[in-house]
1. Output the relative contact order of the chain, whole-number percent, from Cα pairs under 8 angstrom with separation of 6+ residues.
2. By the gyration tensor of its Cα atoms, with a ≥ b ≥ c the square roots of the eigenvalues, what is the shape of region 191-292: rounded for a/c under 1.5, prolate for a/b over b/c, or oblate?
3. Asp106 to Arg73: extension gain in nm, 0.36 nm per residue of separation minus the Cα-Cα distance?
4. On a full-extension model of 0.36 nm per residue, what is the gain between Ala281 and Ala370, subtracting their alpha-carbon distance, rounded to one decimal in nm?
5. So if R0 is 30 Å, what FRET efficiency would Arg48 and Ala198 give, r being the distance between their Cβ atoms, rounded to the nearest 0.05?
6. Check the chain and count each lysine pair with an alpha-carbon distance under 16 angstrom, considering only pairs eight or more places apart or from different chains.
7. Quick check: pseudo-label points 7 Å beyond the Cα along Cα→Cβ at Phe168 and Thr355, how many nm apart are they?
8. Let me have the 222 nm mean residue ellipticity of the chain computed from DSSP H runs of 4+ only, each contributing -39500 (n - 2.57), with the sum over all residues rounded to the nearest 500.
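Values quoted throughout were computed directly from the atomic coordinates according to the rules given, and no laboratory measurement underlies them. Everything numeric here is computed off the predicted structure, so don't read it as measured data. Here Cβ is always computed from backbone atoms with ideal geometry, including for glycine, and neighbour counts include all displayed protein chains.
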Amino acid sequence: MICRDVPDVTIHPARTGGNEPGRTLHAMDSRDRELLDTLQNDLPLVERPFAALGETIGVPEEEVLERVESLRREHIVRQISAIFDTRRLGYQSSLVAARSQPGRTDETAAVFSAHPGVTHNYRRDHDFDLWFTIAVPPNSRLGLEPTVDLLGRIADVESIRLLPALRFFKIGVDLDMVGGRNPGAKKERREPTLPTPAPTELTARDIDAVRALQTDLPAVSEPFPEIAAAYGFTVEELLAKGHEYLATGQMRRFAAVLHHRNAGFVQNGMGVWKVDEDRCAEMGKIMAGYRGVSHCYQRPVYEDWPYRLFSMTHGRDKEECEAVLAEISHETGLDDYAVLYSTREYKKTRLKYFTEELEAWEAAHEPLVALG
């Protein structure tokens, strides 16, 4: 078995909901919630971003900094940085569904989580019990499909299905931190204002800017000087690059990512829909319009997986997630769908682009691909 030829992998700490033992959840007040509601969507790319954010919500800069730092300590704010469009940077990525051997879910999840390009890894309540997302760079030694096949062989799974997005309808979490939103409300989408350069046009300077902008932003008045200098930029040059990437769509937004569970959104429901292929574009656009839907894609079908459309929802409870899906079902007339809830989180992080860690993983595992 290939498992014998690779090092043992340690299981990543997993969360089953709520807080880690012994930690008290931050008692968020209305200002915290308003701050998070705005911060998860957009932090201005300016020299003093937290001052600009404070002006938007009517809170002094010093108080914004104190609150952001407190929310970060309490593991409600996960990270503040650029959120890039993986495809527009030349990466190949996919959702993957795997059915582990009986009694081996945790060990199988550990194999997947050890790959540097795996950013999300969940157990869900389905025969396909493990779901992870993976991305490999444009200069990958192995490529996406051989990497996923290798992971499946190392983990000795019963089945593994590559589920790349065939069509993108929406990407972007927008949690209702203030409360009171209509789960069926629609939201206007941000579109690029400049043509997107081909990934082959990315220069070494561009890659350095990507690496700088994906750095977790400290909660200080002027957070960019140290980050910019570390990659050979002035603050003005780095901010200009950021605005350029927003205009071309290579960056979706510069914002915070929240720990959903610690922010009160303890349910993560993946809605999967049976849809005729010729209706996918129409139905996907409708689903993408709902604020309660954070991600919406068309994906391939298999003999053991008949669902073409995926719509991700996050809620304080299952009822909140299912209210969104019920609205969608009512509007579209689609009634053959299922909701897969996550029951354990093995790994969740933001993808780090152009890293040495992934290059090292591929170099170490390249000989195993040939053995397949």
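1. 27
2. Verdict is oblate for region 191-292.
3. So the extension gain works out to 9.1 nm.
4. The span from Ala281 to Ala370 would gain 28.2 nm if fully extended.
5. The calculated FRET efficiency here is 0.30.
6. The result is 6.
7. Roughly 2.0 nm, to one decimal.
8. Taken over the chain, the calculation gives -10000 deg cm²/dmol.
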